[in-house]
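One structure is given here, and the rest of the page talks about it.
The values are calculated or read from the model by the stated rules, or taken from the named source; none is laboratory data. All figures in this text were calculated on a predicted structure; none of them were measured in a lab. Note: ideal-geometry Cβ built from the backbone for every residue, glycine included; neighbour counts use all protein chains shown.
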Amino acid sequence: MNGVPQSIVSAARVREQLAAGNSRLVLVDVRADLADPAWGRARYLEGHLPGAVFADTDRDLSAPKTGTNGRHPLPTVERMGEVFGRLGIGPDSVVVAYDNVSGLFAARLWWMLRYLGHAQVAVLDGGMNAWEQAGGSLVPGEETRAPRQFIPKPEPGMALGLAEVEAGLASGAHLLVDAREPVRWRGEHEPIDPVAGRIPGARNHLWKGNLDPGGRFRSPEGLRESLGALTRDRAGRRIVCYCGSGLSAAHSALALELAGIRDVAVYSGSWSEWCADPRRPVARGTP
């Protein structure tokens, strides 16, 4: 990636690119608070990275909810293309997404762009905390970029729908990795969705385990140690990441890429979609 390394990038590197006047650089602020939909935009208007545009997790990076399609449904390919074009992302753009939660929301945008065939995208490692610690400046108010034509080129197999997950469960073609807290994976406590438990056969790897104590991604070696142990016996199965609503699942997909583990998909509907139909199987307890 010209000017920015693949997948994650340091605050110092972003500062260098801004200082160099990299016109291809598109910074996207995706800060959010799941309990307060207005919080992210309000923080953006208070102060954001110079030149950054804002993407709303609920309105821009998710489709409307029907009650059965999960809490953050994946938009159509056409809708995603419209959003990214409006944000000023074109075929030659180098995109850096950042948030306030060590990549939890930024990874969603990273994965969506990668799914649509746009390889020039990275997550700011450590998010706003890393930017402020590096002495980066903030700019208040609204900023926009000239719209670009974004032509989606979906990568087959990166995004799985409900029917594909059900088929993979029946055939054994998938290795499911659940990014939620262990107590939710075991079905002991469910604070958000109406049903507790997990998709049968799913293994657990809490997304926060991808991070070091400072909130940055662990080294590739450290990620390979933990994620490699989790997936070592995959035997040709595709790894399918899911969580509660499809956000931390993308974080796990990013960590798997950093670890050098390939053939990974995200089930964006995740547990909130799966458990919406009582006819679907549910597992609980410790296997």
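If I filter the range 146-158 for residues that are among the small types (Gly, Ala, Ser) and under 19 Å from Ser270 (Cβ atoms), do I get at least one hit? Please lay out each step first, then the result.
Just the residues of the range 146-158 that are among the small types (Gly, Ala, Ser), to begin with: 146, 157.
Then keep just the ones that are under 19 Å from Ser270 (Cβ atoms); that gives 157.
There is at least one residue in the range 146-158 that is among the small types (Gly, Ala, Ser) and under 19 Å from Ser270 (Cβ atoms).
Would you check which residues across the range 59-77 are farther than 19 Å from Val266 by Cα and in contact (Cβ under 8 Å) with a residue 60 or more places away in the chain and list them?
Answer for the range 59-77, where residues must be farther than 19 Å from Val266 by Cα and in contact (Cβ under 8 Å) with a residue 60 or more places away in the chain: just Gly67.
What tally of residues in the range 139-148 results from selecting those that are outside any strand (DSSP E or B) and among the aliphatic types (A, V, I, L, M)? Talk me through it step by step, then tell me what you get.
Just the residues of the range 139-148 that are outside any strand (DSSP E or B), to begin with: 140-148.
If we keep only those that are among the aliphatic types (A, V, I, L, M) as well, we get 146.
Residues in the range 139-148 being outside any strand (DSSP E or B) and among the aliphatic types (A, V, I, L, M): 1 in total.
Filter the range 1-54 for residues that are buried (at least 19 other Cβ atoms within 10 Å of the Cβ) and assigned to a loop (DSSP other than H, G, I, E, B) and give the result.
Within the range 1-54, Val4, Val30, Arg31, Ala32, Leu49, Ala52 meet the criteria.
Which of the residues that make up the range 55-87 are of a type in the set (A, V, I, L, M, F, W, C) and assigned to a loop (DSSP other than H, G, I, E, B)? Give the steps one after another, and end with the answer.
Residues of the range 55-87 of a type in the set (A, V, I, L, M, F, W, C): 55, 61, 63, 74, 77, 80, 83-84, 87.
Within the range 55-87, Ala55, Leu61, Ala63, Leu74, Leu87 meet the criteria.
Can you tell me how many residues within the range 88-126 are more than 13 Å from Val28 (Cα to Cα), outside any helix (DSSP H, G or I) and either touching a Pro at 6+ places or on another chain (Cβ under 8 Å) or not polar (S, T, N, Q) (or both)?
Residues flagged as more than 13 Å from Val28 (Cα to Cα), outside any helix (DSSP H, G or I) and either touching a Pro at 6+ places or on another chain (Cβ under 8 Å) or not polar (S, T, N, Q) (or both) within the range 88-126 amount to 11.
Has the range 169-180 got at least one residue that is under 14 Å from the mean Cα position of the chain (by Cα) and assigned by TED's automatic domain parsing to the domain that holds Ser23?
no
If I ask for residues that are over 20 Å from the mean Cα position of the chain (by Cα) and under 17 Å from Leu230 (Cα atoms), which ones from the range 181-197 would you list? Reasoning before the result, please.
The initial filter retains those residues of the range 181-197 that are over 20 Å from the mean Cα position of the chain (by Cα), namely 183, 186-191, 194-197.
Once the filter is applied, which keeps residues that are over 20 Å from the mean Cα position of the chain (by Cα) and under 17 Å from Leu230 (Cα atoms), the range 181-197 yields only Arg186.
Here's the yes/no breakdown for (1) of a type outside the set (Phe, Trp, Tyr); (2) surrounded by 14 or more Cβ atoms within 10 Å (Cβ to Cβ); (3) at positive phi; (4) at pLDDT below 95:
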| position | (1), (2), (3), (4) |
| --- | --- |
| Glu164 | yes, yes, no, no |
| Ser171 | yes, no, no, no |
| Glu181 | yes, yes, no, no |
| Gly187 | yes, yes, yes, no |
| Gly201 | yes, yes, yes, no |
| Trp207 | no, yes, no, no |
| Gly215 | yes, yes, yes, no |
| Leu230 | yes, yes, no, yes |
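Of the residues in the range 149-180, how many are acidic (Asp, Glu) and either over 17 Å from Ala283 (Cα atoms) or part of a loop (DSSP other than H, G, I, E, B) (or both)? Working first, answer last.
Residues of the range 149-180 acidic (Asp, Glu): 155, 164, 166, 178.
Those still in the list that are either over 17 Å from Ala283 (Cα atoms) or part of a loop (DSSP other than H, G, I, E, B) (or both) too: 155, 164.
Adding up the residues that qualify gives 2.
Let's see how each residue does on (1) small (Gly, Ala, Ser); (2) closer than 28 Å to Tyr242 by Cβ:
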| position | (1), (2) |
| --- | --- |
| Val94 | no, no |
| Leu104 | no, yes |
| Ala119 | yes, yes |
| Ala122 | yes, yes |
| Pro140 | no, no |
| Gly157 | yes, yes |
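Per-residue answers, yes or no, for (1) surrounded by fewer than 20 Cβ atoms within 10 Å (Cβ to Cβ); (2) aliphatic (A, V, I, L, M):
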{"position": "Leu61", "(1), (2)": "no, yes"}
{"position": "Val77", "(1), (2)": "yes, yes"}
{"position": "Glu82", "(1), (2)": "yes, no"}
{"position": "Leu87", "(1), (2)": "no, yes"}
{"position": "Asp99", "(1), (2)": "no, no"}
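Within the range 181-209, count every residue that is under 14 Å from Leu254 (Cα atoms) and touching a strand residue (DSSP E or B) at 6+ places or on another chain (Cβ under 6 Å). Write out each step before concluding.
Kept after step one, since they are under 14 Å from Leu254 (Cα atoms), are these residues of the range 181-209: 205-209.
Those left that are additionally touching a strand residue (DSSP E or B) at 6+ places or on another chain (Cβ under 6 Å): 205.
Matching residues across the range 181-209 total 1.
So which residues in the range 252-263 are more than 14 Å from Arg108 (Cβ to Cβ) and within 13 Å of the chain's Cα centre (by Cα), if there are any at all? Give the derivation first.
We begin by selecting, within the range 252-263, every residue more than 14 Å from Arg108 (Cβ to Cβ); these are 256-263.
Those that are more than 14 Å from Arg108 (Cβ to Cβ) and within 13 Å of the chain's Cα centre (by Cα): Leu256, Glu257.
Any idea how many residues of the range 1-33 are modelled with pLDDT under 95 and hydrophobic (A, V, I, L, M, F, W, C)?
Of the residues in the range 1-33, 2 are modelled with pLDDT under 95 and hydrophobic (A, V, I, L, M, F, W, C).
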